[in-house]
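The values are calculated or read from the model by the stated rules, or taken from the named source; none is laboratory data. All values derive from a computational prediction rather than experimental measurement. A quick note on method: Cβ atoms are made from the backbone with ideal geometry, for glycine too, and the neighbour counts reach across all protein chains shown. Remember, those area values only see protein heavy atoms, side chains included, never the ligands or the DNA or RNA. Shrake-Rupley method; radii C 1.70, N 1.55, O 1.52, S 1.80 Å.
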Amino acid sequence: KAGLGMLGYHAGEGMPALLIGKSHPDWAAKLVAEQGIPHAVEHGSWSGETAFLRRDGREIPVSQVIIAHRGGDGSVEYLSTIARDITERKQAEAQLSESNEHLRQITENIREVLWMSDTVKNEILYVSPAYEAIWGRTVDSLYASPQDWIDAIHVDDRQRMLQAAQTKQVAGLYDEQYRIVKPDGSIRWIHDRAFPVRNGDGEVYRVVGVAEDITVRKEHEKHITRLNRVYAVLSGINTTIV
């Protein structure tokens with residue numbers, strides 16, 4: 001009855017041919033005939049994803065198992081099949097894939113670096129492509145050697161940042177500015193923030209962060225500071241003259 005209902009039929013209407021070891025569409029039927037049945041005959045069973053066609057013409061993805069039943073002499077007497085409608089699972093997978101694609105498009109096209117690591121910085125779980133433009137290093141090199149992150153920090157900021165990463169990130173207090181040295185020797189200012197991620201038990205098991213290049217802003221701030229100093233000096237001179 002469950003099989004009939006899955007295909008849109010009702011008890012008493014007769015057993016449709018689609019339920020008698022025949023899948024649809026053609027690729028599914030071919031898969032069962034050329035791989036599923038021979039494998040079941042040789043090894044006792046076969047499982048895979050195929051498709052059935054409902055009475056209303058709608059294709060249904062199914063998880064199918066074919067079982068070979070043997071007689072006393074060991075020969076296969078008949079085959080039975082179990083099929084489970086996996087439409088909801090396929091829809092969920094499609095939605096997840098679409099969401100992942102949207103996330104990929106976002107992370108690959110923003111200027112900020114999104115990153116994720118374990119709590120002790122032994123493993124970088126993710127870093128967005130913007131890392132290569134700002135740090136001047138490949139993402140693969142960071143995955144291979146997470147220590148490269150701290151090694152790239154300016155020596156005058158390194159110890160401070162190492163301590164901040166170890167103590168503030170898990171606590172949710174990490175909001176830092178520091179300098180990095182690119183392979184070509186140029187220096188960039190970074191604003192880095194991080195947030196702890198908790199599992200179902202409330203334990204912090206990952207750290208997610210956002211880092212941005214604020215070099216231009218720092219240069220503007222330095223320029224404004226110099227102008228203010230000049231203005232202060234000139235103002236003092238004018239006051240003296242008056």
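Cβ-Cβ distances below 8 Å connect the following pairs, each with a first residue in segment 124-139 that is farther than 13 Å from Ile180 by Cβ, a second residue that is of a type in the set (D, E, K, R) and open to solvent by less than 40 Å² (accessible area, probe 1.4 Å), and a separation of six or more residues or different chains: Leu125/Asp118. One residue stands out among those in segment 200-236 that are part of a helix (DSSP H, G or I) and either closer than 20 Å to Leu173 by Cα or basic (Lys, Arg) (or both): the one that is most open to solvent (accessible area, probe 1.4 Å), which is Arg229. Pull up segment 174-199, narrow it to residues that are open to solvent by 70 Å² or more (accessible area, probe 1.4 Å) and under 25 Å from the mean Cα position of the chain (by Cα), then point me to the one that is farthest from Thr138 (Cα to Cα). Residue satisfying both the conditions and the ranking: Arg198.
Specify the residue that is nearest to His191 (Cα to Cα); the eligible residues are those in segment 112-128 that are open to solvent by less than 60 Å² (accessible area, probe 1.4 Å) and assigned to a loop (DSSP other than H, G, I, E, B). I'd like the intermediate steps shown before the answer.
So in segment 112-128, the residues open to solvent by less than 60 Å² (accessible area, probe 1.4 Å) come out as 112-119, 121, 124, 127-128.
From what's left, assigned to a loop (DSSP other than H, G, I, E, B): 112, 118-119, 121, 128.
On the way: Glu112: 10, Asp118: 20, Thr119: 20, Lys121: 18, Ser128: 16 Å.
This residue is Glu112.
Among the residues of segment 47-63, which ones are farther than 15 Å from Arg89 by Cα and either of a type in the set (Ser, Thr, Tyr) or open to solvent by less than 30 Å² (accessible area, probe 1.4 Å) (or both)? Spell out the reasoning first.
Restricting attention to segment 47-63, the residues satisfying the condition of being farther than 15 Å from Arg89 by Cα are 47, 52-58.
Listed by number, the residues that qualify are Ser47, Phe52.
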